[in-house]
Each structure stands twice: as C-alpha cells, then as structure tokens.
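Peer 1: Before I ask anything, let me first share the structure, which is written out below as structure tokens.
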There are 2 protein chains.
Amino acid sequence: MTTKQIVLTVRPIGTPTNNNFKIEKIVLPEIQTGEVLLKGLYYSVDPYMRGRMNDIKSYTPPFAIGQPIEGSVVALVVDGKSEKFNKGDLVTGMLPWRTETIASEKILHKIDLSQGHASYFLGILGMTGLTAYFGIMRICKPIAGETIVISGAAGAVGIVAGQIAKIHGCRVIGIAGSDEKIKLLKEGYGFDGVVNYKTTKDMNSAIAALCPKGVDEYFDNVGGEISDAVINNLNFHARIALCGQISLYNSEETPLGPRLQPLLLTRSALMQGFIVSNYRNEFAEGITQIAQWLKSGELKFTETCIDGFDNLPSAFLGLFRGENTGKMVVKA
Amino acid sequence: MTTKQIVLTVRPIGTPTNNNFKIEKIVLPEIQTGEVLLKGLYYSVDPYMRGRMNDIKSYTPPFAIGQPIEGSVVALVVDGKSEKFNKGDLVTGMLPWRTETIASEKILHKIDLSQGHASYFLGILGMTGLTAYFGIMRICKPIAGETIVISGAAGAVGIVAGQIAKIHGCRVIGIAGSDEKIKLLKEGYGFDGVVNYKTTKDMNSAIAALCPKGVDEYFDNVGGEISDAVINNLNFHARIALCGQISLYNSEETPLGPRLQPLLLTRSALMQGFIVSNYRNEFAEGITQIAQWLKSGELKFTETCIDGFDNLPSAFLGLFRGENTGKMVVKA
C-alpha cells in the first residue's frame, strides 16, 4: 500500500525552515511475522529533535538525509502478523513520520485509554511527564520551603515540572516568553512568581526580586542568558537539572558565556544533564505517581494540538517561535 | 608577650603580590579560661585563600583588611588555661598567621604523631587528603576500567586524588605544568598518562589521544581552557568534581568560555562543586581509610616545605606560579 512520509532533505544551518522537509509518497513492503501495520493518530513534536537534524554525536543518532523524521507517535493497529497486538489496539512507539507504517511489535507499547486521552501518551503519561518527574525527583530533589526556578515554564515539560515541585511544597518561579503564558502559569497552574523574559531588561534583578531567599533548585529547559541570570542567584547546595537548552539548539557555533565553574564551586552546587531514558527502569513508578496526581487533580495538563499530518514540519518549527503552550502534538 | 603577624594590607586586583601583605608586631592579650597560647610550627598555604582576599560572598567570609591572614596551622601548646589541652600537645586549627597566638580550645584538634609527621596534618591527614578522598569517592565515584583525568595533578590535592582513583582501578591521566612534575606523576606515582599543558598546543587532541575511550571522570583543580579540552572528551554519564579553579582565581572580570550546558545535557553528565567541609560528618571514615592506604604503601605523599615564617606570603604567591609539587607548607 501507499503511504505519505515526511523526510529530512538537507541538514539545517541555524534555525530550520520548511525547506528542510519534504512530503513524499512511498509504497510499504509486505507485513512480516512479528510486525503490524499502523495508522498514525497523534505525532509528537519536541525540541530535542532539532539535535537529531545535526550530524553530531548525541544521545540519539542523527536523522538520515532522505529518510523520514522519527518521533513518538500514538497509532492504531490496523493489520498485522503479531501475537502481541490485535487489530484495534492503540500503541505508542518511536516511529517514522508516516501516515501509515509497518513496525516490529518489539518497539511498541500498548496504551490503556482508561488512564487518559490517546494524545496524553505523548505527553503527561509519556516522555513529557516522565521527563519532568525524574528531573525534579532525582536531580532537583525538592524540599518544602525551597525556591525552584523553571525556565521554559509554559512548555510541555516545564508546566509539569513546576506543578510537581509545587506538590512538594516548593516556592515555584516560572520564566516564559509571553504575557499569555505568564498569566496561564500564575492563574491556571498556581506558580508563585512569574517573569516574562522577553519584556524584562534585567533578568538578574528580576530573579533576585522573585527569589529573595535565593535559588535552591533550577529546572532548565532553555539555557543561554536566561540561565546566567538564574545561576547568579544560586544558593549553597543548589541543584540544577539540565533538561533542555532550546535557546542554543539553533546556534551554528559553540556559544560563549560566563564560565560557571567558579560559581558552582563556591556554592557547592550540582549541575546534572539527563535524558528520560536514564530512568527507564523506574518508568512504572513515575507513571503510577503521575496518574495518581492527575486523578486527585493536583496535576493539570495542557496541550496544543495542530490538525493535519502535513502540518508536522510547521508545528515543529513553531516550537522555536514559542507557539506552543504545554505539549505540542499533531493530529493526523 | 609580643608576636609577629602577617596582615592583608589591600585587596589584590588580579594576581596578588608581596605588596598585599605586611609583617608587623603586636602584643598578645592575657590568656583567658578555655584558651591556650600556641607556637606555630607549620603553616598551610592553599589556593582557596586567594578567594578570601576578595570582598565577595563565598563559602568562607573574606579576610579583613589590616587583620592577619588565616589558614590551617599545626601548633604547639606552650601555655594555657584549658582542661582539654596540656603544655606540649600538638594541635591543628584555623589560626591567624602569627608566630604565637592565643586561641580558644574549641577550635583546636589534637593530633597524634603516630599517624604521621606533624606537617602531614596540613596535608594528607588533613584537608588536602580529605578533599581528594571525598571528591573522588562521593562525586567521581570511581569504577574500575574507567578513565579519569586530574587537572593540577601534581598539586597537593591532585596527587592524592590520582592515587585514590588508581587504587580503584581507573586509568589515570594527569595534567600538570612542567616536565619535572610530569615525570614525577608518571614515575613516582604511576599515572597512566600525563600531559604538560604549558608545552602542548592542542590540549583537546592531547586529551583525546590519552583517553581513547573518552573521559568518564574529571577531578578539576584548574578550570579555564584546560577544562574545556577535557570536557570536550566527556563520555555519557561522566562525573566532574569541581575542587578548584586556580586558573581563574586572579581574573578581574567574569571569564568567558564555551557554554557547557548543551554538552553536559547530551552526555547526561554531572558537574558538582564541593568543599571538604560538606563531608564533615564523614571525616573519621576518610582519615581511617587514608591512614590505611599510607600504611600499606598504596598511597604516597609529597610536600614542598619552605623555611621561615616571613616567607609565608611568597610561598602563597608561588602557588600561582606552580612552584609547589604536592602540598605546600611553611615551617616556622
């Protein structure tokens, strides 16, 4: 059968554009034993995917030129030669950006709609929620009464990270880039303090004013000068979880900034990069806890849903213009 | 009685000189109950003291202008009104740079010469040894077969840190600044690889060549461009212990360098600043273990001893010119 796919045409230099992508039609091969035919329902677009567009060593291999982009997808099993999955099952997995695709049963996980809406398995009940959970719980290690700053606070992971810190009794300060997002964090999610980095001239003073007792924990999705301002206000024994560096992903050269080591040294501070798969063996714990918080109403979730498979590239590009509030997904 | 003391005259801008210090005579007050009169025997000079010469927030308060410099000292009790210490006892403590001084019994610790030579309590059996021990054991967490790089490897802490990593089966690479030090590390201390940063043009390639499997652990005493080269070669899940940043202590402005967060993020790497007193409650464990390694011959120790109380400032200044091999002390 014929399917549509979206491939990487050339590696972007700096910020990607629609020219880095091409929609094309291909013919799928026969289904082999242990494989299923899937119809994509929801596709995840995530900032980390920008890294895979470069030809450099990272935690995941780069996308190949002429090959489809790959990401988290929720899909319906429409046919197959599998003993593990039946027609009508809903599954998630790392899958190519195709309207239909054939995949090995080994890379798929069945999802249970009683836990949440299908698209939630790309977000709060998937990598997004788990990333926030493990970054906060294993690296920031929240302590009631401490102050935590979240950059990219209105992003998919940030909005969850802030709430988890709040559940643990932290004073939560969010940094975001529009008044609409700022309002949402404050009124919709109960953040204790918020700052719009786009309209704030002196971020250093703004953070100092919002964190009169200093910054004990920093959950960083953004990097760059926003992080410089937060790190200047670090307390002794502060913990920084490096979750993302979206402000730098499109840099063509290694960006320069103040050397951090003297400050981390004198404050006995910790900085830890992580990727959610480091905690693979603990996912069950995370999902159970998140589902419980969702049920109790302690945790709320926002997603931005864009309609139409063909809009995947522009939804992805929108991440770098801050067009999403919460998790960004595309509905086929 | 009259004693000599060395005071801070003006705060240095950049590298300190002899002009930042003055030797003067003062008259000591009467000994009060709970106090002892001490005669200084050995004085420690340490890179961290440069930080206390600035008027900025750090883990220890700044030295006051017109007041004596303070550091670790081994001293003899020559008189006192103390039930804790007797005439003839040897003690250590944070004490002013004075030939004689009066101190409260509360800030002194008795030392036992059966564990090692008196000056060792400023080094391998004191802060130096414990700093190496806890930086390696609690932050680098050595694993047999992994590669560790030590910067400032021929310095007081570095030389011990490298040996402790070696005891745990690591491949140990040392960075130092003279051929004499390089030879000592290789031949005297069994380092697996060494590099002289003063004569090496491309440190990045030099580290890559010495660490063909990448860098798993980095014990950093130096910072700056030397660290950039090491960090470029980090492996996934690498651990960096920030023990010192001597290359930057004399900087007048915040030095700029490559932003590290993207690299720490993609390698899931950890960077942790520390000061030995964070592990205060575990000192007994550390001293016992170090004493055992010294006894078994697995751990060796070097010190550079300068004669004469009046030479304290120039011994201190010598640290920044790399004049010490191992721990630098001054004998009164």
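The values are calculated or read from the model by the stated rules, or taken from the named source; none is laboratory data. Remember, predicted model here, so these are calculated numbers, not experimental data. In this analysis, Cβ positions are derived from the backbone assuming ideal geometry, glycine residues included, and neighbour counts consider all displayed protein chains. When the accessible area is computed, the model is the full protein with side chains, heavy atoms only, and any ligands, DNA or RNA have been set aside. Shrake-Rupley method; radii C 1.70, N 1.55, O 1.52, S 1.80 Å.
Peer 1: Would you say residue B:95 is out of contact with any strand residue (DSSP E or B) (no Cβ under 8 Å at 6 or more places or on another chain) and open to solvent by less than 30 Å² (accessible area, probe 1.4 Å)?
Peer 2: no
Peer 1: Which of the residues that make up segment B:301-332 are open to solvent by 60 Å² or more (accessible area, probe 1.4 Å), basic (Lys, Arg) and either assigned by TED's automatic domain parsing to the domain that holds residue B:249 or within 25 Å of residue B:39 (Cα to Cα) (or both)?
Peer 2: B:331
Peer 1: Restrict the check to segment B:250-269 and report whether at least one residue is among the small types (Gly, Ala, Ser), in contact with a Lys or Arg (Cβ under 6 Å, 6 or more places away or on another chain) and modelled with pLDDT of 90 or more.
Peer 2: Looking for residues that are among the small types (Gly, Ala, Ser), in contact with a Lys or Arg (Cβ under 6 Å, 6 or more places away or on another chain) and modelled with pLDDT of 90 or more, one finds at least one in segment B:250-269, hence yes.
Peer 1: For residue B:239, indicate whether it is at the interface with chain A (Cβ under 10 Å from one of its Cβ atoms), open to solvent by 10 Å² or more (accessible area, probe 1.4 Å), out of contact with any Gly (no Cβ under 9 Å at 6 or more places or on another chain) and touching a residue at least 12 places away in the same chain (Cβ under 8 Å).
Peer 2: yes
Peer 1: All but one of (1) in contact with a helix residue (DSSP H, G or I) (Cβ under 7 Å, 6 or more places away or on another chain); (2) within 24 Å of residue B:247 (Cα to Cα) hold for residue B:97; state the number of the condition that does not hold.
Peer 2: Of the numbered conditions (1) in contact with a helix residue (DSSP H, G or I) (Cβ under 7 Å, 6 or more places away or on another chain); (2) within 24 Å of residue B:247 (Cα to Cα), the odd one out for residue B:97 is (2).
Yes/no matrix, rows are residues, columns are (1) at the interface with another protein chain (Cβ under 8 Å from one of its Cβ atoms); (2) under 22 Å from residue A:227 (Cα atoms):
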residue	(1), (2)
B:231	no, yes
B:235	no, no
B:245	yes, yes
B:248	yes, yes
B:261	yes, yes
B:276	no, no
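Peer 1: Still on this model: Quick check on this structure: which one of A:23, A:13, A:65 is surrounded by fewer than 21 Cβ atoms within 10 Å (Cβ to Cβ) and closer than 20 Å to residue A:330 by Cα?
Peer 2: Result: A:23 is the single residue among A:23, A:13, A:65 that is surrounded by fewer than 21 Cβ atoms within 10 Å (Cβ to Cβ) and closer than 20 Å to residue A:330 by Cα.
Peer 1: Given the criterion of a type in the set (A, V, I, L, M) and touching a Leu at 6+ places or on another chain (Cβ under 9 Å), identify the matching residue among B:56, B:143, B:148, B:139.
Peer 2: None of the others qualify; the one that does is B:139.
Peer 1: Looking at B:199, B:254, can you tell me which residue is in the same structural domain as residue B:140 (by TED's automatic domain parsing), within 22 Å of residue A:268 (Cβ to Cβ) and free of Cβ contacts under 8 Å to residues at least 60 places away in the same chain?
Peer 2: B:254
Peer 1: How many residues are touching a strand residue (DSSP E or B) at 6+ places or on another chain (Cβ under 6 Å) and of a type outside the set (A, V, I, L, M, F, W, C) if we restrict to segment A:293-309?
Peer 2: Within segment A:293-309, residues that are touching a strand residue (DSSP E or B) at 6+ places or on another chain (Cβ under 6 Å) and of a type outside the set (A, V, I, L, M, F, W, C) number 4.
Peer 1: Still on this model: Please find, among A:286, A:223, A:214, the residue that is within 14 Å of another protein chain (Cβ to nearest Cβ), open to solvent by less than 40 Å² (accessible area, probe 1.4 Å) and either at pLDDT below 95 or closer than 20 Å to residue B:264 by Cβ (or both).
Peer 2: Step by step, each of A:286, A:223, A:214 is checked, and only A:223 is within 14 Å of another protein chain (Cβ to nearest Cβ), open to solvent by less than 40 Å² (accessible area, probe 1.4 Å) and either at pLDDT below 95 or closer than 20 Å to residue B:264 by Cβ (or both).
Peer 1: Looking at the structure I just gave you, is residue B:330 within 14 Å of chain A (Cβ to nearest Cβ) and in contact with a Leu (Cβ under 6 Å, 6 or more places away or on another chain)?
Peer 2: It is false that residue B:330 is within 14 Å of chain A (Cβ to nearest Cβ) and in contact with a Leu (Cβ under 6 Å, 6 or more places away or on another chain).
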